[in-house]
Amino acid sequence: MTRVTVASFNLKNLIGADQEYYKFQSYTPEEFAWKQDWCADQILSMDADVIGFQEVFEEDALRAVIAEADARGQVLNEAVLPDRSKSYRKKAIFRKLGYTPYGQAALAVAPNANDGAPGERRPGVAVLSRQGFVGTPEVIQILPEPLEIPFRDLTGEEAGHYRITRLSRPILKVRIPMGSQIVTLFCCHLKSKLGEYDRAPGAPFAPAADLTQYDPMARALGNLRAGLRRMAEAWVMRRAIVEELSAGRPVIALADFNDGEHSVSSEIIAGEVPFRNYAWMLRHDAEASNDRYSREENDQITEAIDALRLHSAEKLFIRKSLRDMVFTSAFGGSYESIDQIYLSSHFLPESSGAVGEMEYFSCFNDHITDGAHAEAPYNKLASDHGQIMAHLNIRD
C-alpha cells in the first residue's frame, strides 16, 4: 500500500502586501506577515502530499507561504527526528512526527481569466503535489462553446435560456501518480452566494446593493442569478468528471462549493444517487400501469449510475467513525460544510474496480469564528474556512 494524503485549503484572499484585491481591501506588510505565518502553520500541521488551494490572487504569495512552511518544517525535523546514530531511529512514532518539505514538489497555478485592475481582482486556484504531475495541467474557465440551458414553460412553450461563456473562477485539472495508479484530481471554487445584482451601464453601483433603500425582491433575484451560475459551473465540472470516469480513470474532486453538502450544486458534481429499486418504477415508455423496469434493468441502471458517482470523503468518515458532524464554515450561528473532497468508486473497498480506500479524514476548523462575533475580523488574516484532508491507502 502507498499512503497518500489529499487536502483542500481555502486561503482566503492570499495576495502580497500593499495590493488592493477588492475595493479598499489590502494587507499591510505586518498583516501579510501574520497571514503568511498562519497559512504556513496550517500547511505544516497538515503535511499533506497533495493540496488543492482556493483564493490564490498571486503565485508569489503562495510560494512564499510554502517556503515558510518548509523552513519551519526543517526546524521541527531537527527537533523531533533522532540522529542516525541513535538505536531508536527507526521507531514509527518519530517518522510520524517528521515533516516532508515541498522543495521537490510540483505547483500548478490557474489564474482567474476574469482578473482585473487593483480593487477589482479575482482569485484563482492551485494544486501542490509531492508526487508531481503526469502531463500538463489543464485549466477550464473560458468555455470553447457557450453553455446554453434551455427552459420551457409548464405549457410546453419555449421559455428562453440561461447562457454562460466562462466560469467565475477556474477549474484546475491535474493527473497525479499515486502508487501504481494515476489519479485525475479537480480543484475548483464555485460561484459565491453573493448576489448578482442588475446594474445599468455606466451606473456606479446596482440599486439592490444600496441597503438604505432595501429592495427584497431585487436582492432575491440577485441570489437566484448567483445560484443559477453556481449550478451551471457545477455542471461544467460534472461533465469533465464524467469524461474521466468514462475513460476508467480514478477521480478526486476537491473544492470550496460555496454551498452545503446537500445542495443542488454538490449533487450535480457528485452525481445522482440510485433509486432503491427501479423495478418499482413505471417505465419511461410505459403504455400500461404495470409497465415497470425489470429486475435485470434495475441492476443495469444501478450499475450505470454507481459507476459515474462520486462519494463524499466526509460522509465516508462519518459512517466509519460514528461521528455525526463535520463543519468547515460558520456564519450567523449556522455551521455547515461547504468544502468537500469527493472520491470516485475506485476508492471504495467494496467496489470491483477499487484501487484503494480512505483510511481517515481530518478537519482543521479550530480557527473558525462566527461572523456575528466580535473576533470575526481575525479571519482576514487567517481563513474563514476549515481545511480538510483525506488519508488514502493506494494499492500497489
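Against the test of being at pLDDT below 95, assigned to a helix (DSSP H, G or I), of a type outside the set (D, E, K, R) and out of contact with any Gly (no Cβ under 7 Å at 6 or more places or on another chain), the options 75, 65 yield a single qualifying residue, 75. Within the range 42-62, the set of residues being loosely packed, with under 15 Cβ neighbours inside 10 Å and either at pLDDT below 95 or not charged (D, E, K, R) (or both) comprises 45 only.
If you go through the range 32-41 one residue at a time, how many are open to solvent by 10 Å² or more (accessible area, probe 1.4 Å) and either within 17 Å of residue 8 (Cβ to Cβ) or not small (Gly, Ala, Ser) (or both)? Please lay out each step first, then the result.
Filtering the range 32-41 down to residues open to solvent by 10 Å² or more (accessible area, probe 1.4 Å) leaves 32-34, 36-38, 41.
If we keep only those that are either within 17 Å of residue 8 (Cβ to Cβ) or not small (Gly, Ala, Ser) (or both) as well, we get 32, 34, 36-38, 41.
Total satisfying the criteria: 6.
Look at the range 12-26: where a residue is over 16 Å from residue 384 (Cβ atoms) and open to solvent by 40 Å² or more (accessible area, probe 1.4 Å), no partner that is among the polar types (S, T, N, Q) and not in a loop (DSSP other than H, G, I, E, B) sits 6+ places away or on another chain with Cβ atoms under 8 Å.
Table: residues versus (1) surrounded by fewer than 12 Cβ atoms within 10 Å (Cβ to Cβ); (2) more than 28 Å from the chain's Cα centre (by Cα); (3) under 30 Å from residue 54 (Cα atoms); (4) free of Cβ contacts under 8 Å to residues at least 40 places away in the same chain.
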site	(1), (2), (3), (4)
214	yes, yes, no, yes
255	no, no, yes, no
258	no, no, yes, no
266	no, no, yes, no
271	no, no, yes, yes
281	no, yes, no, yes
290	yes, yes, no, yes
294	yes, yes, no, yes
298	no, yes, no, yes
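If you filter the range 143-156 down to residues that are more than 19 Å from residue 241 (Cβ to Cβ) and not acidic (Asp, Glu), you find that the one that is least open to solvent (accessible area, probe 1.4 Å) is 156.
In the range 157-173, the qualifying residues are those that are in a strand (DSSP E or B), open to solvent by 30 Å² or more (accessible area, probe 1.4 Å) and without any contact (Cβ under 8 Å) to a residue 40 or more places away in the chain, and the one that is nearest to residue 187 (Cα to Cα) is 165.
Scanning the range 300-330 for residues that are small (Gly, Ala, Ser), farther than 14 Å from residue 273 by Cα and either crowded, with 17+ Cβ neighbours inside 10 Å or at pLDDT 95 or above (or both) yields a total of 3.
The values are calculated or read from the model by the stated rules, or taken from the named source; none is laboratory data. Small disclaimer: the values here were computed from a predicted structure and weren't measured. Methodologically, a virtual Cβ is constructed for each residue, glycine included, from the backbone with ideal geometry; neighbour enumeration extends over all protein chains shown. To get the accessible areas, we keep the full protein, side chains included, count just its heavy atoms, and leave off ligands, DNA and RNA. Shrake-Rupley method; radii C 1.70, N 1.55, O 1.52, S 1.80 Å.
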